[in-house]
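Chemist: The structure's right below; bear with me while I get my questions together.
All of the numbers you see were taken from the coordinates with simple rules; none came from a lab. What you are looking at is a predicted structure, and each value in this text was computed from that prediction instead of being measured. No Cβ is skipped: glycine too gets one built from the backbone with ideal geometry, and neighbour counts run over all protein chains shown.
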Amino acid sequence: MRVEEIQILAAEVLTPPPDLTVSAWADQNRRLSSESAAEKGEWRTDRAPYQRAVMDAMGPNSSYETVVMMWAAQSGKSSLLENFLGYIIELDPGPVLLVEPREVDAEAFSKDRLAPMLRDTPCLHGKVADARSRDSNNTILHKKFLGGSITLAAANSPAGLAMRSIRYCLLDEVDRYPASAGSEGDPVNLAITRTANFWNRKIVLCSTPTTKGSSRVEAAWLNSNQQSFWAPCPHCGEFQILLWPNLVWPKGEPDKAEYRCEHCSKLIDDWQKHGMLRAGEWRAARPEVTEVAGFWINGLYSPWRRWGALARKFLADKRSIETHREFVNTVLAEPWDDAAETTVDQATVMARREHYGATVPFGAVVLTAGVDIQKDRLELELVGWGRGEESWSIEYRVLPGDPAGAVLWQELDSYLERRWPHETGISLPVAACGIDAGYESQAVYEFCRTRFHRRIFAVKGKGGPLPVWQRKPTAKNIRGEKPWTVGTDTAKETIYGRLKNPTPGTPGYSHFPADRDEGYFEQLLGEVLRTTYSKGQPKREWKPKPGVRQEALDARVYAYAALRALISMGLSLDNEADRLLAANRPQPVLGDDDERSPWLGGRRKNWLSR
């Protein structure tokens, strides 16, 4: 390299960045790519004006050290991170760490967002070399450029979070991070610690929130200056925060949704939203906080989401606790209050006991069982499931005996082979069963190994944010040598949330027979959800109530896990209901050779492959 070239490069490194904000850089230079944007071409901050202040708070001319974004999905969050990265590469280089929940997320960001931006934004051409497998300067997860580098890491990898000092720490979707990066502790703290050597560091922390009290982004936002976006009414000019209760529509016509001004009560149409955003402004609830800028915005502001579409989504999502929670988190950008949803009044639940018209009532179309193992007995619940996972507790049975002996297992086998009379006149088999393998594990494995074709599963519960049923089988749990993992925390949250549903016939409503005793309900509600703290970090745990057993709750968890197993294998409760209960008429009995409905007793080859 010639002396003149070295001098030019040295001058570029030593020259301070121009007095240009991140949003101004994006408006001048950024080009959107088809891989990451619905409309490719020039970036225009005016399209979503609320993004301007957030980007500018990230820049070197801002006094804020930390920027927190508690944002709704589809509001442009990822694009702001991309713009900041482009600004860093061209104008203010330094070492960057971008943390995603998992390595697959980090790779996806690199391939689907970062690489297209580098390709399609002219001013970034040549700044970062093309990724090559043998070039350590530019791999999928590590990219070097003049004066800096970008490392993409997974939150569950302590090595990726602690291997180098960084100036820019970008933490994406922090509420999906694990509680600890291996055994090293909180991944957010691990990553931020790497910025300690830089006086001019910048930390960006963003996510849709999850659960109240344990949401990382909520905690960070509460520690910020708590900015919300205020928009003026086009009729009276008064400013207000756009909130969901003020979105209204005629009954049955969500596409006609309009926003009602909280000051003049006049209705605002969706087409007027852009003018409101253009004239809007961020206002801080805690202006005395000068180092941490916190920005909260919900889906009502998004120019890419019509109010009518959000109203339709709300009506669809509110039918079950799970989808309603997703709506609150991702559209309203609000943390879900689990304490309210998991506090269930026993007397209220007992009051819904009812007389069934038959052993298996009309709405139940699939039966599953859950079995809890104790040292001197088995306790099991048989549950019927209908549309929207509405449930009917059919029977709760205690089978006394020694789980280490053969007699008790023979009795269970006979029970699970029974068919149960349905209100339509047919009989239903037990379509699947989950058996707790936490006690007398070998006996459970032996029993399940030869009954796998009947969908009788050895299961073991595991806490944390896991799905109720793991979709991918392994050779060992197919052969009955290892239990299937059940996400017990998720199952319990679902069960408790549904017990609060007061309306029969709606998704998730839970029915109980008239003869069910009080002891059953004490056990079913035998745990409470608590938030505890370990090294300053919140952890949500289910704790048993003092002096109360939990066998009924465990049996219901395993019966629900068995249902989720069937659904992962292709079961549609709606299809079963259509087949069994069409036109409210008794249906013909389906024989054992009926290929159409293996869940009702017919056979299907290779059912696991579905």
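Chemist: Got a sec? Charge dipole of the chain, +1 on Cβ for Lys and Arg, -1 for Asp and Glu; which of Pro467, Ala72, Val104 is way out at the positive end?
Modeler: Val104
Chemist: Now a separate question. Kindly point out which whole DSSP H helices in the chain project their C-alpha atoms 20 angstrom or further along the helix axis while averaging a Kyte-Doolittle hydropathy of -1.0 or above.
Modeler: In the chain, the long hydrophobic H runs are 77-91, 551-568.
Chemist: Another question, then. For Lys251, give me every one of the aspartates and glutamates with a C-alpha distance below 19 angstrom, ignoring sequence neighbours fewer than eight places off in its own chain.
Modeler: By straight Cα distance, Lys251 reaches Asp269, Asp270, Asp317.
Chemist: DSSP loop (so not H, G, I, E, B), at most 14 other Cβ within 10 Å: list which chymotrypsin sites (Phe, Trp or Tyr not before Pro) in the stretch 182-280 pass both filters.
Modeler: Trp199
Chemist: Once the Cβ-Cβ distance between Ala358 and Glu518 is put in as r, and R0 is 41 Å, what FRET efficiency do you end up with, to the nearest 0.05?
Modeler: Efficiency at R0 = 41 Å is approximately 0.95.
Chemist: For each pair in Lys318/Lys492; Lys77/Lys266; Lys40/Lys144, compute the distance between the two Cα atoms and list the pairs where it is over 23 Å.
Modeler: In this structure, Lys77/Lys266; Lys40/Lys144 lie more than 23 Å apart at Cα.
Chemist: Which Cys residues of the chain have no other Cys beta carbon under 4.7 Å away?
Modeler: Among the cysteines of the chain, those whose Cβ sits 4.7 Å or more from every other are Cys123, Cys169, Cys206, Cys433, Cys448.
Chemist: Then there's this: Within a Cβ distance under 9 Å of Gly401, other residues only, what is the Lys/Arg minus Asp/Glu net charge?
Modeler: Charge balance in the 9 Å sphere: -2.
Chemist: How far apart, in nm, are the 7 Å Cα→Cβ label points at Thr193 and Asp255?
Modeler: 5.6 nm
Chemist: Under the rule a/c < 1.5 gives rounded, and otherwise a/b versus b/c splits prolate from oblate, where does the stretch 221-260 land using the Cα gyration tensor?
Modeler: It is oblate, given that a/c is not under 1.5 and a/b is not larger than b/c.
Chemist: Please work out how much length the chain gains when fully extended from Phe239 to Thr290, using 0.36 nm per residue of separation minus the C-alpha to C-alpha distance, in nm with one decimal.
Modeler: 16.0 nm
Chemist: Can you check what the net charge comes to around Gly519, using other residues whose Cβ is under 14 Å from the Cβ of Gly519 (Lys, Arg +1; Asp, Glu -1)?
Modeler: Here the charged neighbours net out to -2.
Chemist: Moving on to the next point. Per residue of the stretch 504-513, what does 6.51 cos²θ - 1.76 cosθ + 1.60 with θ = phi - 60° give for ³J(HN,Hα)? Whole Hz please, x for Gly and Pro, Karplus curve as stated.
Modeler: x, x, 9, x, x, 4, 10, 9, 9, x
Chemist: Also: Net charge around Tyr415, counting only other residues with Cβ within less than 10 Å of its Cβ (Lys, Arg = +1; Asp, Glu = -1)?
Modeler: Neighbour charge sum, excluding Tyr415 itself: -2.
Chemist: Related question: If amide hydrogens are placed 1.01 Å from N in the peptide plane, which non-local residues have theirs closer than 5 Å to the one on Lys545?
Modeler: Glu527, Val528
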